[in-house]
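The values are calculated or read from the model by the stated rules, or taken from the named source; none is laboratory data. All of these numbers come straight from a predicted model, not from anything done at the bench. A quick note on method: Cβ atoms are made from the backbone with ideal geometry, for glycine too, and the neighbour counts reach across all protein chains shown.
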Amino acid sequence: MQRVLVFLRLTSLTLLATVGLAACDTVPDVVLADSFPTGHADLTRFPKRVQGEFVASADTTRQLAVLPTAVVRRVWSVPRWIRVGEADSLRAAGVPVRLVSQQGDTVLLTVRYVDTVFALTEPARSRLRRAGGAYYLNQRVGIGQWTAHRLRLNGQTARLTQFVPDSVRTATLPDAPRPEAYAGQTRRVVRLSPAQQRAVIRDAGWWREQPFDTVYVRR
């Protein structure tokens with residue numbers, strides 16, 4: 001029984017770090033029929049000048065890492081008191097932890113959660129493209145269904161956004177976007193013409209900042 005309680009406490013501690021990011025990874029109601037933008041070459045990796053570690057300008061507990069073939073977010077949870085033995089179990093399980101303080105047999109620590117925003121695997125599942133000075137991170141979420149994040153770097157800062165049109169822009173989408181059921185929800189799948197794609201690239205309103213997708217500063 002005691003082992004079960006310890007497991008539940010460790011699980012709840014780990015969940016503290018994941019709850020905040022869960023909403024960022026949901027697939028939007030409007031997705032693309034193809035990877036974005038079309039007509040641009042697929043890259044095999046991020047250029048070396050782009051790679052690096054970035055920290056959110058407004059909250060240093062949130063970090064962004066641009067790796068050769070992936071983009072990941074790292075978020076430290078709210079500090080919580082647990083017993084030393086539980087902290088040791090977290091470390092043994094390979095969970096990144098940071099010790100804040102210790103009082104007797106209890107420690108105050110935070111847990112780091114790693115969220116993979118994009119991983120470049122194979123063209124059928126993920127595609128990396130560059131256009132208009134930004135990088136487009138495409139992930140397939142169904143047959144003929146793609147989501148896209150945009151990574152834009154300006155000097156020592158980086159901004160990560162996702163293709164999520166607002167209601168006004170959704171009304172201007174191409175003719176009769178078809179609804180498709182997926183995982184219990186209906187999505188609008190849209191196919192953008194080359195001219196519409198260029199407009200989407202120029203208009204920042206098509207790209208929404210998620211709760212933890214903000215301005216990051218290079219370390």
Within the range 191-205, of all residues that are surrounded by 13 or more Cβ atoms within 10 Å (Cβ to Cβ) and part of a loop (DSSP other than H, G, I, E, B), the one modelled with the highest pLDDT is 192
Picking from 121, 161, 116, the residue that is within 30 Å of residue 207 (Cα to Cα), of a type in the set (Ser, Thr, Tyr) and in a loop (DSSP other than H, G, I, E, B) would be 121
Residues of the range 40-49 being in contact (Cβ under 8 Å) with a residue 40 or more places away in the chain and either exposed (fewer than 15 other Cβ atoms within 10 Å of the Cβ) or touching a helix residue (DSSP H, G or I) at 6+ places or on another chain (Cβ under 9 Å) (or both), in sequence order, are 41, 42, 44, 45
Sole miss for residue 160 among (1) within 15 Å of the chain's Cα centre (by Cα); (2) modelled with pLDDT under 90; (3) not charged (D, E, K, R) is condition (2)
Query raised in the report: Are any of the residues in the range 83-100 part of a strand (DSSP E or B) and small (Gly, Ala, Ser)?
Result: no
Review point. If you check residue 109 against the conditions, is it surrounded by fewer than 15 Cβ atoms within 10 Å (Cβ to Cβ), in contact with a helix residue (DSSP H, G or I) (Cβ under 8 Å, 6 or more places away or on another chain) and in a strand (DSSP E or B)?
Key: no
Checked the range 143-158 for anything among the aliphatic types (A, V, I, L, M) and either closer than 15 Å to residue 205 by Cβ or assigned to a strand (DSSP E or B) (or both); matches are 148, 151, 153, 158
Only one of 76, 81 is surrounded by fewer than 16 Cβ atoms within 10 Å (Cβ to Cβ), over 30 Å from residue 193 (Cα atoms) and in contact with a Ser or Thr (Cβ under 7 Å, 6 or more places away or on another chain), namely 81
Reported set for the range 121-138 where residues are modelled with pLDDT under 95 and either of a type in the set (S, T, N, Q) or surrounded by 20 or more Cβ atoms within 10 Å (Cβ to Cβ) (or both) is 121
